[in-house]
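Only one structure is covered here, and it is reproduced in the block below.
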Amino acid sequence: MSDYKHYVGLGVAGNFALHLEQAGESADFKDVVTDDPNGPKGVFPFYVPGREGQLGVYPLSSDTIVLPKEECNVQPEPEVALLCELEYDGEGKIISLTPTAFGAYNDCSLRKEGAAKISHKKNWGAMSKGLSDTLIPIDRFEEGGIMDRYRIASFLRREGGLFRYGEDVELLGYSYFYGKLIEWLTNQINTQNDFGPLEAVGEYLKAAGYPKEAIISIGATRYTHFGETNFLQEGDEVIVVVYDNDRYCMNPVLSMANKGELVGKEGISALVQKVVRG
């Protein structure tokens, strides 16, 4: 896949209704007060270039998920990721955050109790996250732009069967999207403190020399019942597909996923990852 090692990796927590509850993570945010109770809960880092420790390990892969050595439930999180350009003012605050491309992303996560920070569940080593090789240029990140007509779906292939993992939903279903998301992200990165499960992301950017490019995953969608109750096993295959709903609808996408024909299709960003034991 393309090399994004100089990009900072950030994620948005709680930007799709009911996902945190399904993932068993809503209690993590019980003390986090937000201006909008229906809005996102915070920003977390999953990769910071040059940082010591786990966050400095490059986690992205376009074809493999490596399970952790520790015994722990691991769950895919089907999402859309944005490639973004960042600009800072003289004080190191972000003044411009511009999405340039989008695509299928797997914010694969550990399901374990007692993690002090969200990021502790997000990056356990190389190939613990997924980003499609096929990213789609953004004409304009606003209503009327290309993303209006895109949807996201996800599947799990296991022992010869293909199962719907996440709900098939339109990208406009995100709680915060377009200008509202950009405004929130900019403010959150600039002001978020180290509190509860959240970290002072702005300080991380400063320590990393103010990266000018970022991969930002904008929130996991809701699971099907199968997705909510089934965790990854060695030999599984995770499929996340972001598709143009003007070209395709749900059943043809399912058929292409089943036949392994998603990659290389016009109007589709597909991520297909084999699950292996670490």
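The values are calculated or read from the model by the stated rules, or taken from the named source; none is laboratory data. What you see is a predicted model; the values in this text were computed from it and never measured. We place every Cβ from the backbone using ideal geometry, glycine too, and count neighbours over all the protein chains shown. Note: areas computed on protein heavy atoms with side chains; ligands, DNA, RNA excluded. Shrake-Rupley method; radii C 1.70, N 1.55, O 1.52, S 1.80 Å.
Data table
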quantity: Near pairs, Cβ below 7 angstrom, 6+ apart or cross-chain, from the stretch 242-258 (buried (at least 17 other Cβ atoms within 10 Å of the Cβ)) to any residue that is among the polar types (S, T, N, Q); calculated: V242/S269
quantity: Top-ranked residue of the stretch 64-95 - restricted to ones that are in contact with a helix residue (DSSP H, G or I) (Cβ under 7 Å, 6 or more places away or on another chain) and buried (at least 18 other Cβ atoms within 10 Å of the Cβ), ranked as nearest to Y150 (Cα to Cα); calculated: V80
quantity: Tally of residues being open to solvent by 10 Å² or more (accessible area, probe 1.4 Å), modelled with pLDDT of 95 or more, in a loop (DSSP other than H, G, I, E, B) and under 25 Å from Y174 (Cα atoms) across the stretch 200-223; calculated: 1
quantity: Any hit, the stretch 41-63, residues being buried (at least 20 other Cβ atoms within 10 Å of the Cβ), closer than 16 Å to V12 by Cα and modelled with pLDDT under 95; calculated: yes
quantity: Criterion: of a type in the set (D, E, K, R) and in contact (Cβ under 8 Å) with a residue 24 or more places away in the chain - qualifying residue of E228, E266; calculated: E228
quantity: Filtered residue count, the stretch 1-23, keeping only those that are more than 22 Å from G125 (Cβ to Cβ) and either at pLDDT 85 or above or open to solvent by less than 60 Å² (accessible area, probe 1.4 Å) (or both); calculated: 8
quantity: Selected residue (criterion: farthest from L181 (Cα to Cα)) from residues of the stretch 42-60 that are assigned to a loop (DSSP other than H, G, I, E, B) and not acidic (D, E); calculated: G53
